[in-house]
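The values are calculated or read from the model by the stated rules, or taken from the named source; none is laboratory data. Quantities reported herein were computed from a predicted structural model and do not represent experimental measurements. Virtual Cβ from ideal backbone geometry, glycine too; neighbours counted across all protein chains shown. Only protein heavy atoms, including side chains, enter the accessible area calculation; ligands, DNA and RNA are left aside. Shrake-Rupley method; radii C 1.70, N 1.55, O 1.52, S 1.80 Å.
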Amino acid sequence: MSARRAAALTASSLALAALLGACADTPLVVAPGAGAPTSSAAPSAAPSTPAPAPAPPPPPATAGPATSPEASTTPDGRVVDLSDGAATTLTVSPVDQRAVVTVVGGGAAAAVQVNPDTAAVATRSAVTGSPRAAVPATDRSGLVLADPSAGLSAIALPSGSSTDAPQGAPAGVQALGVDPSGNLLVAATGVVGDARREAAGVVANGTLSLLRDNRVAAQVGGLGRPVALAVAGERAAVLDSERNVVHLIDLSTMREQSTLPAGDGPTGLTIDRHGRLLVTDTRAGVLRRYDLAQGGAPTPLAPIQLGASSAPYGTAYDATTDQLWVTLTGTNRLVAIDLSSADAPRTVLDLATITQPDLVALGQGRVYVASPRTGQLQITLA
């Protein structure tokens, strides 16, 4: 090799080494489009095929509680083993303040009444279907139960015997409420056996219906997939999990007033005594708030941060103490939040619960938590 060629190679090697040294600390991240090959050649005569338009994003999946870890702390209060089935609804009897839990397992469902003083099972009676919602009957003599496939059923209390249920409810009932005149409100998807049929592509046509004298006396539609309902005076809030919004309905006219964003993964609704709407956003770990009492458009308020890992889910509001009880399914905890101050809500109690504390209800001086995983009921002082 000639001395001139050897010198040229040496210079090239030194230049390459310098270039590599300069790039040694540069992150290996390429911006979109950067580094794409370029060409000065003339474009091909054949036109390029345009890229297809992006498909619209799928609707958000319906949120639910977290899959709780096994409880590692002894639950506060007393725990009652109801059965090996899953607790699906939890209410308090308007007749005698017993806790009433519907439990589903082994192809059958039962309503179990528990004495709050002794924590003993008082009665167990068969019920229809797999209830998803329960509300005291308008005459407060029993409970009305709702199953998306089987429709409405009813039991008398304290006997637990079957009794006449309101008729005329739409298919796919998800949530129940009562208006100020004592009429039953039914939020429904319009799809029988909604979970399986929606998965097969059957479109939900959500409605809120007012039942009077065993018929639909008034109805508002276009509510997507309504999964939760809260009522305050002549106003109802309906949670639409298909679009993650809340529909505000004027019950005097059964017309929609407005639609509010409900967050990343909403699962429940509460309206407190101040006229504030609280949306349980389980996926984001917050309670989103709107002031409905100022007149005009609802006013957003600062959300209550509970932490995404906490996965808040079940809620029960005590208007007397102005406290909202919230189950945290991500951590097996139950917290009570003082809502008296709009600017500074605060946690006043934090209790350990049973595993998978999805359901919560309030009685006279007591708070109840039920688990769909363990079939247990927890009773603590409120």
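For segment 265-328, what log10 I(q)/I(0) values come out of the Debye formula at q = 0.12, 0.15, 0.25, 0.30 1/Å, with one point per alpha carbon and no solvent? With one equal scatterer per Cα and no solvent, log10 I(q)/I(0) is -0.28, -0.43, -1.06, -1.28.
What's the Kirkwood radius of segment 91-238 in Å, using all Cα pairs? Show your work: numbers first, answer last.
Numbers: mean 1/r = 0.0637 Å⁻¹.
Across segment 91-238, the inverse of the average 1/r is 15.7 Å.
Above 15 Å lies some portion of the pair distances; for segment 222-273, what is it as a whole percent of all C-alpha pairs?
On the way: 525 of 1326 pairs.
In whole percent, the share of Cα-Cα pairs in segment 222-273 beyond 15 Å is 40.
Once segment 305-372 is represented by equal point scatterers at the alpha-carbon sites, with solvent omitted, what log10 I(q)/I(0) does the Debye formula produce at q = 0.27, 0.29 Å⁻¹? For the requested q values the scattering log ratios are -1.25, -1.37. For segment 175-329, the extents of the C-alpha atoms along the principal axes are 40, 38, 26 Å, listed from largest to smallest.
Computed from label points 7 Å out along Cα-Cβ, the spacing between Leu381 and Thr138 is 4.0 nm. Amide H to amide H, with H built 1.01 Å from N, Ala122 comes under 5 Å of Gln113, Val114, Asn115, counting only residues 5 or more places away or on other chains. Semi-axes of the equivalent ellipsoid for segment 110-156, computed as √(5λ) from the eigenvalues of its C-alpha gyration tensor and ordered from largest down, come to 21, 13, 8 Å.
Which number do you get for Rg(Cα) / (2.2 N^0.38 Å) in segment 237-349?
Working: Rg = 13.6 Å, N = 113, 2.2 N^0.38 = 13.3 Å.
Ratio of Cα Rg to 2.2 N^0.38 Å: 1.03.
Computed from label points 7 Å out along Cα-Cβ, the spacing between Arg78 and Gln257 is 4.3 nm. Taken along the Cα-to-beta-carbon direction at a fixed 7 Å, the label points for Gln364 and Val178 span 1.7 nm.
Under 5 Å between amide hydrogens, built in the peptide plane, is the criterion, and for Ala217 it picks out Leu210, Leu211, Arg212 among residues at least 5 positions away or on other chains.
Set the Förster radius R0 to 22 Å, insert the Cβ-Cβ distance between Ala344 and Thr321 as r into 1/(1 + (r/R0)^6), and round the FRET efficiency to 0.05. Here the calculated transfer efficiency is 0.85. Accessible surface calculations at 1.4 Å, restricted to protein heavy atoms, place segment 236-382 at 36 Å² per residue. Leaving ligands, DNA and RNA out of it, report the carbon-plus-sulfur percent of the accessible area of segment 329-375 at a 1.4 Å probe. Of all accessible area on segment 329-375, carbon and sulfur atoms account for 45 percent. When both segment 230-270 and segment 301-359 are represented by their alpha-carbon centers, they are found 20 Å apart.
Using the C-alpha gyration tensor of segment 129-180, what are the square roots of 5 times its eigenvalues, in whole angstrom, with the largest one first? Working shown, then result.
Numbers: eigenvalues 57, 34, 16 Å².
In descending order the semi-axes read 17, 13, 9 Å.
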